[in-house]
Amino acid sequence: MTEHPKKIGIVGAGRMGANIGRRLKDVGYTLSAVFDSRPVVTAGVASELGAEAASSLARVSELADTIVTVVSDDRSMREIFSPSEDSLLYRAQGKLFVNCATVSPQVHVDVEALALRAGAQSLEACMASSITQARDGTLYLMCGGSREAFDRARPMLEKMSGSLKYIGPAGSAAKVKALVNMVMNINTAGLAEGLGLGAALGLDLDMLREVFSQTGANSRVLETDGADMQNREHEVYFSAAHAAKDSGIALALAQEAGLEVPLAEAALGQYERMRALGLGELDKSGIAELTFRGRKGSVRP
């Protein structure tokens, strides 16, 4: 019989982590602990979810059977799983860690090894969706790790997702996620250039987007970001800073494989330029600020 986790901990209570917690509470799970590096965020989300605002990572593992982590980068992931008394792995025997952040594949491999050494299990559950889907339980989740860990987590993951796919051993789902985001970021940069050039040519952008949607220029990014680029509405669902980080992960994998990926390099350059201009916390659709004439980043120094 597949184990049903009784108590859930959340580590990383930002937009995605908090909404995953809300979703799990809605479908009947007990949220026992919340931890975030920002104490004010920890307190607010914990109060909303009826959970303890954990004072340490070790306290989360003490209170929860399954711990969902949503942290920002490789360094943060390694820190929360460091072999110390102030870590999720302290006295973590029997616990299940479900790690949803987009980090380098090797980090997931290393975390799984550390978890096993501590008598725990680790599963990567990479998300190819955004804030709305986290709240609604319609995430697209790609999972990597042992089949045993996947089967153990599956009842909870099915409540978080609209589609759930087991990819393979630790690190494999992270590789797929890196490629998903690499292609998405290239598509986003290309769309911003197409719409920006269309505007410069005096074309009606509503018409242009409709034509794009009926031709080979169509993409999911056109659906999610096209109007936002046109109207300069860059509310954050997936930030430019995160796009830069994820493109960097994909480029590192390409370098390891000895493969040239010039379009991915160009897209990364655009997102890094956004960060340099102070636009990194805009949604990735904000890349249009670099390509539409007259906008903040459209004129290079």
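The values are calculated or read from the model by the stated rules, or taken from the named source; none is laboratory data. Keep in mind it's a predicted model, so treat the numbers as computed, not measured. Neighbour counts are summed over all protein chains in view; Cβ atoms, including those assigned to glycine, are modelled from backbone coordinates with ideal geometry.
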Worksheet item: Does Ala43 count as part of a loop (DSSP other than H, G, I, E, B), among the hydrophobic types (A, V, I, L, M, F, W, C) and either in contact with a Gly (Cβ under 8 Å, 6 or more places away or on another chain) or assigned by TED's automatic domain parsing to the domain that holds Asp151 (or both)?
Response: no
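Looking at Val236, is it closer than 23 Å to Ala101 by Cβ, β-branched (Val, Ile, Thr) and in a loop (DSSP other than H, G, I, E, B)? Explain how you work it out, then say what you get.
Values: closer than 23 Å to Ala101 by Cβ: yes; β-branched (Val, Ile, Thr): yes; in a loop (DSSP other than H, G, I, E, B): yes.
Answer is yes for this residue.
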Item to complete: Name every residue in segment 201-217 that is assigned to a helix (DSSP H, G or I) and within 20 Å of Arg293 (Cβ to Cβ), in order of residue number.
Response: Leu205, Asp206, Met207, Leu208, Arg209, Phe212
Worksheet item: If you take the residues in segment 249-300 that are surrounded by fewer than 17 Cβ atoms within 10 Å (Cβ to Cβ) and in contact (Cβ under 8 Å) with a residue 40 or more places away in the chain, which one is nearest to Ser219 (Cα to Cα)?
Response: Leu263
Worksheet item: If you check every pair at least six apart or on different chains, which have Cβ atoms under 9 Å apart with a residue in segment 1-22 that is at pLDDT below 95 first and a residue that is of a type in the set (Phe, Trp, Tyr) second?
Response: Pro5/Tyr29; Lys6/Tyr29; Arg15/Tyr237
Practice prompt. Scan segment 146-200 residue by residue and report those that are outside any strand (DSSP E or B) and at positive phi.
Written response: Gly171
Practice prompt. Tell me, please, whether a residue that is under 30 Å from Ser172 (Cα atoms), out of contact with any helix residue (DSSP H, G or I) (no Cβ under 9 Å at 6 or more places or on another chain) and not polar (S, T, N, Q) can be found in segment 246-257.
Written response: yes
Worksheet, complete the sentence: Here the residues within segment 264-287 that are among the hydroxyl-bearing types (Ser, Thr, Tyr) and over 11 Å from Gly248 (Cα atoms) are Ser285
Worksheet item: Hey, does segment 106-124 have a residue that's assigned by TED's automatic domain parsing to the domain that holds Arg15, surrounded by fewer than 24 Cβ atoms within 10 Å (Cβ to Cβ) and touching a Cys at 6+ places or on another chain (Cβ under 7 Å)?
Response: no
Worksheet entry | Whichever residue in segment 235-246 is farther than 13 Å from Asp73 by Cβ and out of contact with any Ser or Thr (no Cβ under 8 Å at 6 or more places or on another chain) and, among such residues, is surrounded by the most Cβ atoms within 10 Å (Cβ to Cβ) | Ala240
